[in-house]
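Notes follow the structure.
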Amino acid sequence: MKLRKHILIIRLSSMGDVAMVSPVLRELLENNKNYKISVLTNFQFFPFFRAFNDVDLISFDKKKQHKGLFGMFRLFKEIKKLDVDYVVDLHEVLRTNFLKAVLKVPFYQINKGRNEKESLVSGKIFAPLKSTHQRYRDVFEKIGISIKPLSKTQIHRVDISDLKLIPKNNKLLIGIAPFAAHKGKEYPIVQMEEVIKEINKDFNVILFGGGKKEEFILDDLAGKHSNVINIANKFSLDQEMDVISNLSIMLSMDSANGHIAALMGIKVLTIWGVTHPFAGFSPYGQTDKNNILVNRLQFPKIPTSIYGEKFPNGYEKAISSISPKEIISKLRTSV
């Protein structure tokens, strides 16, 4: 007889959604020690779970090992060997539905609330929907595991004195992640530079991003201003998380960096464009006052989409209606 029931948690992508699993897992383990936990996700996201010594991480490789139908059968065989008692599917996509069909174990899936979200973006309703974190908790409730939010996420600051790019002066560190997957939720870099020019007078500004294009833009910004450091593509994700653990605050779009900072216990200010926190994607543990929003009197159709990829004519630059002065003021009063 097993001493502990074995739960397999599945969340394959995207980066922000996987990062949101970590604080809920922490909540689970806080009051439920009698479960063995395994997490199936992309290898690149393993650092999000580095705080959990007793959690087994299983790599999902969609490009090679687990590509196509044969790859999914290979994954099925790998999972079968784990002898799991429950599968908690926090993704609910074609691949995980395949696993649900072939695995002979209790299989519980997230309710993404697609109809509610469609009503939100269509303008039928304008009210806060259930958070993604709560939707994750609800799946565990189906097993009979009650999970409650933690009153506070503890910050575990990591020594970064050996990271050469990080300033060694006494100024506080502020993180800025100015990019997003879609332009509808990305603050214009020209306006963000105005924010940086003001903030860098009193703080060290650490810039976050990914990809060569973003790296080039951020290198240009850092080269033009003192106390501004670009670490995009300079460090591993693990090292970036070490840096984030030392921030006083993170300024982010509705994107992954905000969720990463939140799982580290760092305060996050989020700039929202054509998306909106009512859809349930706010970073973990952040209050409503940490949201910087477009004025809906001026842009009443917001949110126009859940992920920021869709917006009507006239909303292309809705996010730019937020003034740099408003962001600067919010940063200064929040640090």
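Brief remarks on what is shown
- Here VAL84 does not qualify as within 29 Å of SER236 (Cα to Cα), in contact (Cβ under 8 Å) with a residue 60 or more places away in the chain and hydrophobic (A, V, I, L, M, F, W, C).
- Residue in the stretch 197-207 that is on the phi > 0 side of the Ramachandran plot, outside the structural domain of ARG137 (by TED's automatic domain parsing), assigned to a loop (DSSP other than H, G, I, E, B) and not small (Gly, Ala, Ser) present: no
- Subset of the stretch 120-157 (residues that are modelled with pLDDT under 95 and in contact with a Ser or Thr (Cβ under 8 Å, 6 or more places away or on another chain)): ILE155, HIS156, ARG157
- Here ALA127 clears all of (1) surrounded by 13 or more Cβ atoms within 10 Å (Cβ to Cβ); (2) not in a helix (DSSP H, G or I) except the condition numbered (1).
- Criterion (farther than 21 Å from VAL24 by Cα and in contact with a strand residue (DSSP E or B) (Cβ under 6 Å, 6 or more places away or on another chain)) met by exactly one of ASN295, ASN257, ASN290, ASN230: ASN230
- Candidate set from the stretch 137-178 (those that are in a helix (DSSP H, G or I) and out of contact with any Asp or Glu (no Cβ under 8 Å at 6 or more places or on another chain)); member that is surrounded by the most Cβ atoms within 10 Å (Cβ to Cβ): PHE140
- Listed here are the helices (runs of 4 or more DSSP H) enclosed by the stretch 211-293 that have at least 3 residues being free of Cβ contacts under 8 Å to residues at least 12 places away in the same chain, on the phi < 0 side of the Ramachandran plot and not assigned by TED's automatic domain parsing to the domain that holds LEU25: 212-224.
- Restricting the first member to the stretch 113-140 and to residues that are free of Cβ contacts under 8 Å to residues at least 40 places away in the same chain, and the second to residues that are of a type in the set (A, V, I, L, M), the beta-carbon pairs closer than 8 Å and six or more apart or on different chains are GLU116/ILE125; GLU116/LEU129; SER119/ILE125; ASP138/ILE110.
- Verdict on LYS62 being surrounded by fewer than 18 Cβ atoms within 10 Å (Cβ to Cβ), in contact with a Leu (Cβ under 8 Å, 6 or more places away or on another chain) and touching a residue at least 40 places away in the same chain (Cβ under 8 Å): yes
- In the stretch 177-191, the residues that are in contact (Cβ under 8 Å) with a residue 24 or more places away in the chain and either over 19 Å from the mean Cα position of the chain (by Cα) or not assigned by TED's automatic domain parsing to the domain that holds THR287 (or both): PRO188, ILE189, GLN191
- Qualifying positions in the stretch 226-267 - among the charged types (D, E, K, R) and either surrounded by fewer than 18 Cβ atoms within 10 Å (Cβ to Cβ) or in contact with a helix residue (DSSP H, G or I) (Cβ under 6 Å, 6 or more places away or on another chain) (or both): LYS234, ASP238, ASP254
- A single member of GLY314, GLY308 is touching a residue at least 40 places away in the same chain (Cβ under 8 Å) and under 21 Å from PRO188 (Cα atoms), and it is GLY308.
The values are calculated or read from the model by the stated rules, or taken from the named source; none is laboratory data. Every value quoted in this text rests on a predicted model; they were computed, and no experiment measured them. All Cβ positions, even for glycine, are placed from backbone atoms using ideal geometry, and neighbour counts span all protein chains on display.
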